[in-house]
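Engineer: Questions regarding the structure given below will be posed in turn.
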Amino acid sequence: MHLRNKRRLWHHWRSVFTSTAAIALLTFAGYQLHFNNATVVLLLLLVVVLQSLTGGVVSSLIAATVAAGCLDYFFLPPVFSFGVDDPLDGIALSVFIVVALIVTWQVSRVRVEAHRARGRGIELEEVYQIAIRLLLLPADQVTGIAALRAFRDVLGCSAVCLFDATTVEIAMDGASQSDLADQTRQAYISGSDTDDPTRGLFVRCLKLGNVTIGAIGFEGLLRLDTISPAIPVLAAAAVDRARSFRRSSHEIAAAQADTFRTAIVDAVAHEFKTPLATILAVIGGIRASGRLEQEQKEMAGMIESEVARLDRLSTRILRMARLDREEIKPQGRIFDIVPFIEGIARRYMVHYQDRPVAVAAWPRSLQVSADRELLELAVSQLLDNAFKYSPAGTPIRVAVQAEDGLAAVSVQNEGSAIGPGERERIFDRFYRGVCVRNLISGTGLGLHIARRIAVAHGGSLSLMNTERADGVIFCFKLPLPQHAAVNHEPHSFAATG
């Protein structure tokens, strides 16, 4: 800095000496060659303008004063005197000072703008170099040492620190003498930027919109005002890119885990089929032998019934696991949904004899176009949930009705309501409610597959809002075919096991 000031002072006085020498030479030539006053004024004014273009205010004023003095002393009457007889000559002398000031002012403005333009050019070059290096980095390294080294190399600082609020981790490149990591963390906590010229510290909070996602700090910067405002923006973009990469990686891992779990469910359900079929065959053979007492026949019948139910359950699980991996393509056929729903309900009443079931239909007959196998799988899942998650002795209510071109099948049971935070998550693959996941067995596929079946038919499956705190209602909706036959008489079916 001291050497730079000495060079600037030497340039200043050299400029003053050069312009003064030029004025003296022109004055001597004009006096000896008897130039007219107009020519002398123009020549001296040219020197003043040239000095103003290349020098500062002080050197320009010195040159203007010397030129005016030479003109007055050697050319304007009275000659060899600094006085003037004509007031207009005094105005001519003042023109030198005015021209020097105006030209110097304009040149200073141009110099300031040029300096700013050079500064902006340097900033843009720095931003460009950092951006290119960040873009070339793999996504898993944009908040690591490699990314910080890009900032450090381009800006020429001694240390760079990045605090990522998402992972609550700090990355540092370089050696800090001023506890840069703590300064960066505190900037994020306080939400305020920090500048310390004495230590060359430059700490900025990183924001996306109005959300602060971290902070970045630099140490050892020569001039804090040379840091482009785009530098923190680049750092914020890098942090956001890393967050997006982590999120996408998590989603890919979750999808792979779901696929793996579905394959396991498929394999387990498939393995159950063979021993169940063997047990059914053996029980049938024992009963056919005719050697059993009446009580033994009843027990064999119960075994056969329960094994058959296990076989149906494993078949359903196997079907759901395969549907989870494949695209659901319904084979639509027109049939009456009311007796179809009643038939499914009767099958459940055989195995759940401690709960009354009521089926109400408005209208009595309602034609739909759907895949019977898929629809049975979806409705069975709703009834299965209703029976599993309701207390013994409480009723199960099934309603079938036509509304706004849709056939709506609702299944209601008593029991604990589903919290607001889980109302949509219960339809996610493999998700099971917090209150029941450790109490009641299940795969977490049923509601997910049931909703997929509804959507594949052009309908929907939703959890309906209810004012009661101890009730759950699921509603499965299917679009009615055009010109569907509808019997508007009400119909109800109620029974206990």
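Engineer: Those residues that are outside any loop (DSSP other than H, G, I, E, B) and buried (at least 18 other Cβ atoms within 10 Å of the Cβ), I need them from the range 388-405; list them, please. It would help to see each step written out before you state the result.
Structural biologist: Applying the first criterion (outside any loop (DSSP other than H, G, I, E, B)) to the range 388-405 yields 388, 396-403.
Within the range 388-405, Ile396, Arg397, Val398, Ala399, Val400, Ala402 meet the criteria.
Engineer: Taking the conditions exactly as written (at positive phi, of a type in the set (Gly, Ala, Ser) and crowded, with 17+ Cβ neighbours inside 10 Å), does Gly174 satisfy them or not?
Structural biologist: yes
Engineer: Which is hydrophobic (A, V, I, L, M, F, W, C) and either modelled with pLDDT of 80 or more or closer than 20 Å to Ile145 by Cα (or both), of Phe218, Phe272?
Structural biologist: Phe218
Engineer: Another one. If you scan the range 363-387, which residues turn out to be surrounded by fewer than 18 Cβ atoms within 10 Å (Cβ to Cβ) and part of a loop (DSSP other than H, G, I, E, B)?
Structural biologist: Pro363, Arg364
A quick yes/no check of all residues on (1) at pLDDT below 75; (2) in contact with a Cys (Cβ under 8 Å, 6 or more places away or on another chain); (3) assigned to a helix (DSSP H, G or I):
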{"site": "Leu43", "(1), (2), (3)": "no, no, yes"}
{"site": "Val48", "(1), (2), (3)": "no, no, yes"}
{"site": "Val66", "(1), (2), (3)": "no, no, yes"}
{"site": "Val79", "(1), (2), (3)": "no, no, no"}
{"site": "Gly83", "(1), (2), (3)": "yes, no, no"}
{"site": "Asp89", "(1), (2), (3)": "yes, no, yes"}
{"site": "Val99", "(1), (2), (3)": "no, no, yes"}
{"site": "Arg120", "(1), (2), (3)": "yes, no, yes"}
{"site": "Asp140", "(1), (2), (3)": "yes, no, yes"}
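Engineer: Oh, and also: Name the residues in the range 355-380 that are over 14 Å from Arg397 (Cα atoms) and of a type in the set (D, E, K, R), would you?
Structural biologist: Hits for the range 355-380 are Arg364, Asp371, Arg372, Glu373, Glu376.
Engineer: Looking at this structure, is Arg111 surrounded by 15 or more Cβ atoms within 10 Å (Cβ to Cβ), outside the structural domain of Ala242 (by TED's automatic domain parsing) and of a type outside the set (Gly, Ala, Ser)?
Structural biologist: When the stated conditions are applied, Arg111 does not pass them.
Engineer: OK, next. From the list Ile62, Ile130, which one is under 30 Å from Ala242 (Cβ atoms), crowded, with 17+ Cβ neighbours inside 10 Å, not acidic (Asp, Glu) and not assigned by TED's automatic domain parsing to the domain that holds Asp153?
Structural biologist: One residue alone meets the criteria, Ile130.
Engineer: For the range 136-183, give me each residue that is within 19 Å of Ser228 (Cβ to Cβ), under 24 Å from the mean Cα position of the chain (by Cα) and not aliphatic (A, V, I, L, M).
Structural biologist: Phe151, Cys161, listed by residue number.
Engineer: If you don't mind, there's one more thing I want to ask. Taking the range 184-231, which residues are among the aromatic types (Phe, Trp, Tyr) and within 21 Å of the chain's Cα centre (by Cα)?
Structural biologist: So in the range 184-231, the residues among the aromatic types (Phe, Trp, Tyr) come out as 188, 202, 218.
Within the range 184-231, just Tyr188 meets the criteria.
Engineer: Could I ask something else about it? Can we say Ile145 is on the phi < 0 side of the Ramachandran plot and either among the charged types (D, E, K, R) or touching a residue at least 24 places away in the same chain (Cβ under 8 Å) (or both)?
Structural biologist: Spelling it out, Ile145 is indeed on the phi < 0 side of the Ramachandran plot and either among the charged types (D, E, K, R) or touching a residue at least 24 places away in the same chain (Cβ under 8 Å) (or both).
Engineer: Please find, within the range 406-429, the residue that is surrounded by the fewest Cβ atoms within 10 Å (Cβ to Cβ) out of those that are touching a helix residue (DSSP H, G or I) at 6+ places or on another chain (Cβ under 8 Å) and in a loop (DSSP other than H, G, I, E, B).
Structural biologist: For the range 406-429, the residue satisfying everything is Asp428.
Engineer: Continuing with the same structure: When the range 153-171 is examined, which residues are found to be buried (at least 19 other Cβ atoms within 10 Å of the Cβ) and within 19 Å of Val127 (Cα to Cα)?
Structural biologist: Leu155, Cys157, Ala159, Val160, Cys161, Leu162
Engineer: Given the residues Ala281, Ala235, which is the only one that is within 54 Å of the chain's Cα centre (by Cα) and either at positive phi or at pLDDT 65 or above (or both)?
Structural biologist: One residue alone meets the criteria, Ala235.
Engineer: With respect to Ala370, determine if the residue is within 20 Å of Pro479 (Cα to Cα) and either in contact (Cβ under 8 Å) with a residue 60 or more places away in the chain or hydroxyl-bearing (Ser, Thr, Tyr) (or both).
Structural biologist: So Ala370 fits the description; yes.
The values are calculated or read from the model by the stated rules, or taken from the named source; none is laboratory data. Because the structure is predicted, anything quoted here is derived from the model rather than measured. All Cβ positions, glycine included, derive from the backbone under ideal geometry; neighbour counts span all protein chains shown.
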